[in-house]
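> There's a structure below that I have some questions on.
The values are calculated or read from the model by the stated rules, or taken from the named source; none is laboratory data. These figures come from a predicted structure and were not determined experimentally. Every residue, glycine as well, gets a Cβ built from its backbone with ideal geometry; the counts of neighbours run over all protein chains shown. Protein only, heavy atoms only, side chains kept; ligands, DNA and RNA dropped before computing areas. Shrake-Rupley method; radii C 1.70, N 1.55, O 1.52, S 1.80 Å.
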Amino acid sequence: GWGLFGYHTIPKDATSVVLTEGEYDAMAVYQSTGRPAVSLPNGCRSLPPEVLPLLERFEEVYLWMDDDGPGREGAEKFARKIGVKRCRIVSPSVSLSGSGADDSAQKSPKDAKDANDALLMGCDLEAMIRSASVLPHDGILVFGDLREQVRHEIFHPDKYAGVKATSLPSFMNIVKGFRRGEMTVLSGPTGSGKTTFLGQLSLDFAEQGVNTLWGSFEIKNTRLIHKLLQQFSRSPLPLGEPDKIPAFEALADRFDSLPLYFMKFHGGSDIDDVIDAMEYAVYVHDVEHIILDNLQFMISRDVPGIRSSFDKFDMQDIAIEKFRKFATERNVHVNVVCHPRKEDEGSKLGMSSIYGSAKATQEADTVLILQQEAKGGSKRKFVEVKKNRFDGTLGSCPLHFQLESGRYTESPLMGMQGSAPPSSGPNLPKQEHLKPEDLPKPKIPRSEGMSGTISTRQVTKPLGKSPWSEIEDS
């Protein structure tokens, strides 16, 4: 189970505690102030539900996360989990400095990234804790509430660009990244490779430790995992080769260590049930990125509670509105796939080509379209950024499908170069020269999930032959 570093040192009669992002920060707080202090088991990305009972006995919980984008977002998320009314958020202040030192020679506490930095700079940690503030009301803000964040965004823009898709750097130069609290709409003709594209992005995110949730309504999870396993291995799966079972199990063990989760829904589904599953995944698994593929399949049947006079356009607008609200309120990135209207094959798609009313493109922060153009007997494929609310940059990036890896590259000459799976990282055991029996256990915590909504991520035996290895997408 999970625990909190330093919890055993807290006096039984303590009524408040300082919750920090790292062990050194907790020790710095205790050394400087004598206040009880503990640190999170997984940094600012996660507050496992298992540790919440340990915090129930405290009247006040001071959240001291790192002074950066992820730290600020984590503090707000944790305050809502623990209880907004009894949480205080510690942040640097210009007027605070340590005693017994030359103030003119000191750095501003604003330069302190965390509690440990503040201690090393000679700042008054006790004063910083006493100045901690409650989380502002969701509906009311003044400039003072946003000033620090605005300053940080201006001087550290790279920290707010979002999660990068490392395998498509030119594409990232346009969109900059996928940011929490935003919604992306992806469209493209049937067979253009939308699922392939999103599968590659989801693996890029998961390999960086970003908890990602898949909602695949068009194809079953087993077929989706065929595609993801091939993309993860950067090579074809050993289809119909029983002698390759040990190699497959080694690959499956590495894949199982990724922070990927899958909804159990398939085909037409109730939007509120889908939202409920997303809520659970965000709360329990601290999911940051959600993929919904695709909207038309999800609303392909009558939805309880909606009058029969509503047509599919109305139902789609309701779904888009709910997903947009969820992304904003839960501070996660939601990626929704929307099919285009029926148009001439080979014609270039635009914003108005997306099926339904204009609400999908209006609500989206980013709109991406996979385009296919036939020129001189050959097809050219590229992803076009049609809307970018983050900084307005628009443009397109070529995509070249690699049959062996099931992945896209930005150059036909790249092939398999530079696309090997990571051999190590925060969530991945090393791969080189390992036998299957030598592989370490996955490090990502497991949960059985909520019955009927979130599936487990175990892959325990070789999968049957799949058309995914021979075609680009469906």
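> In whole Hz and in residue order, list the ³J(HN,Hα) couplings for region 381-397 that follow from phi through the Karplus curve 6.51 cos²θ - 1.76 cosθ + 1.60, θ = phi - 60°; x for Gly and Pro.
3J(HN,Hα) across region 381-397, in whole Hz: 10, 7, 9, 10, 8, 9, 8, 8, 6, 5, 9, x, 5, 10, x, 9, 9.
> Here is a further query. Using the basic label-point model (7 angstrom from Cα toward the beta carbon), what is the T166 to E23 distance in nanometres?
The two pseudo-label positions are separated by 2.5 nm.
> With contacts defined as alpha carbon pairs under 8 Å and 6 or more residues apart, what's the relative contact order of region 187-283 in percent?
Numbers: 68 pairs, mean separation 35.7, N = 97.
Result for region 187-283 is 37 percent.
> Also: Give me the distance between the Cα centres of region 323-361 and region 367-406, rounded to whole Å.
So the two Cα centres are separated by 16 Å.
> In whole Hz, with x marking every Gly and Pro, tabulate ³J(HN,Hα) for region 245-257 from phi via Karplus 6.51 cos²θ - 1.76 cosθ + 1.60, θ = phi - 60°.
With the stated coefficients, region 245-257 comes to 4, x, 5, 5, 4, 5, 5, 4, 4, 5, 5, 5, 7 Hz.
> Of D68, D158, which has the most accessible area with a 1.4 Å probe, and how do the rest follow in descending order?
D158, D68
> Would you grab the residues whose amide H sits under 5 Å from the one on G188? Only those 5+ places off in sequence or on another chain, please, with H modelled 1.01 Å from N.
When sequence neighbours closer than 5 places are left aside, the close amide H contacts are L370.
> I would also like to ask the following. On a 1.4 Å probe surface of the protein chains, which of T393, T9 comes out largest in accessible area, and what is the full order?
Per-residue accessible area, sorted high to low, gives T9, T393.
> Amide H neighbours of I290 under 5 Å, at least 5 residues apart or on other chains, H built in the peptide plane: list them.
Amide H to amide H, under 5 Å and 5 or more residues apart or across chains, I290 pairs with L213, H333, V334, N335.
> Name the residues of region 53-73 whose amide N is less than 16 Å from a point 7 angstrom out from the Cα of Y283 along the C-beta direction?
In region 53-73, the label zone of Y283 (backbone N under 16 Å from the point 7 Å along Cα→Cβ) covers 53.
> Could you pull out every residue, at least 5 positions away or on a different chain, whose amide H is within less than 5 Å of the one on D66? Hs are placed 1.01 Å off N in the peptide plane, and Pro or chain starts have none.
It is E21, by chain and number.
> From the cross-link list K176/K342; K220/K379; K359/K381; K348/K375; K164/K387, which pairs have alpha carbons spaced over 20 Å apart?
Numbers: K176/K342 31 Å; K220/K379 29 Å; K359/K381 27 Å; K348/K375 12 Å; K164/K387 18 Å.
Listed pairs above 20 Å: K176/K342; K220/K379; K359/K381.
> Still on this structure, please answer the following. Roll a 1.4 Å probe over the protein heavy atoms and report the accessible area of Y280 in Å², nearest 10.
For Y280, solvent-accessible area is about 50 Å².
> Let me ask something additional. Based on the Cβ-Cβ distance from E148 to H266, what FRET efficiency comes out when R0 is 35 Å, to the nearest 0.05?
0.20
> Separation of region 159-178 and region 272-288 by C-alpha centroid, Å?
When both Cα centres are located, 25 Å separates them.
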